[in-house]
């Protein structure tokens with residue numbers, strides 16, 4: 001189960017995304033700190049979050065901070081069963097933290113997204129993620145998404161000429177080649193590092209679940225799994241480092 005999340009924020013002025021914080025679950029407490037990326041985001045209008053506005057302070061709570069709790073689906077919702085099925089979760093393996101790890105805490109009305117920090121699991125790097133950018137796919141590619149099957153291998157394709165993000169990574173099928181979405185933005189650098197140290201013939205990215213009738217952001221659940229490289233640290237980049 002996920003124990004730490006990275007928080008990202010999108011500037012409303014230029015639509016650029018920044019890493020601004022880290023949320024950790026330790027025993028019965030939640031701890032939040034801002035990262036160095038928050039200082040870069042500040043130049044673009046980032047002022048922190050309500051009740052946690054000081055960048056140079058650690059925050060701790062016995063319950064999820066409101067910023068994150070508001071992104072968890074209400075348990076009384078009549079569609080909760082469908083929602084858990086889309087996430088490939090059951091009541092038995094459910095936790096609010098894991099829900100946030102899988103959904104990214106995405107809400108249509110704001111500009112915040114969460115990323116799980118993968119842990120070394122018996123020598124493997126493993127993370128579940130929903131593909132991004134479905135709205136940019138041509139209709140025949142969307143049809144292909146619906147025809148994917150669990151366990152099907154997907155391939156990483158670098159989109160270097162992407163005008164918004166030259167680190168972007170597309171996901172494609174084998175034959176015929178059809179694009180089925182993008183890898184989440186802030187996983188890209190780690191995925192590339194791991195891929196460069198792995199056997200490219202391995203089934204590194206596979207389909208975990210296809211949700212034909214789910215909202216766009218929950219359509220295609222994938223798994224990235226590869227051997228954990230020696231001395232590898234997830235998100236080991238300056239913007240991800242805590243300010244304190």
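Which residues, counting only those in segment 217-241, are farther than 19 Å from residue 122 by Cβ and loosely packed, with under 15 Cβ neighbours inside 10 Å?
Selection gives 236, 238, 241.
Do the conditions hold for residue 211, that is, is it surrounded by 14 or more Cβ atoms within 10 Å (Cβ to Cβ), out of contact with any strand residue (DSSP E or B) (no Cβ under 6 Å at 6 or more places or on another chain) and not assigned by TED's automatic domain parsing to the domain that holds residue 87?
Yes, satisfied.
The values are calculated or read from the model by the stated rules, or taken from the named source; none is laboratory data. Since we're looking at a predicted model, the values are computed, not measured. Virtual Cβ from ideal backbone geometry, glycine too; neighbours counted across all protein chains shown.
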